[in-house]
Amino acid sequence: RCSGGVMKINNVSILLFNGYMPCDTSCDCDNCDIFQNIVNDICYKYEHIDYVIIGGDFNTHLRRI
């Protein structure tokens, strides 16, 4: 449920990531942990990347997490 790629422009690396996230966290509290784990995995795996652009269907109100 995700796709992405890394591109380099003038020695700057950019991760473009598109994914489908779990359902709204206000309805199912377990989804909050899953959502945070996915974002943490992306950040940890690609910590050597200069910029990360994440898009997709987040299915949540980001201020609630």
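Filtering M21, M7 for residues that are exposed (fewer than 11 other Cβ atoms within 10 Å of the Cβ) and at pLDDT 70 or above leaves a single hit, M7. Note on the stretch 37-56: residues that are open to solvent by 70 Å² or more (accessible area, probe 1.4 Å) and over 9 Å from the mean Cα position of the chain (by Cα) amount to 7.
The values are calculated or read from the model by the stated rules, or taken from the named source; none is laboratory data. Just so we're clear, the structure is a prediction, and the values are computed from it rather than from any experiment. We place every Cβ from the backbone using ideal geometry, glycine too, and count neighbours over all the protein chains shown. Remember, those area values only see protein heavy atoms, side chains included, never the ligands or the DNA or RNA. Shrake-Rupley method; radii C 1.70, N 1.55, O 1.52, S 1.80 Å.
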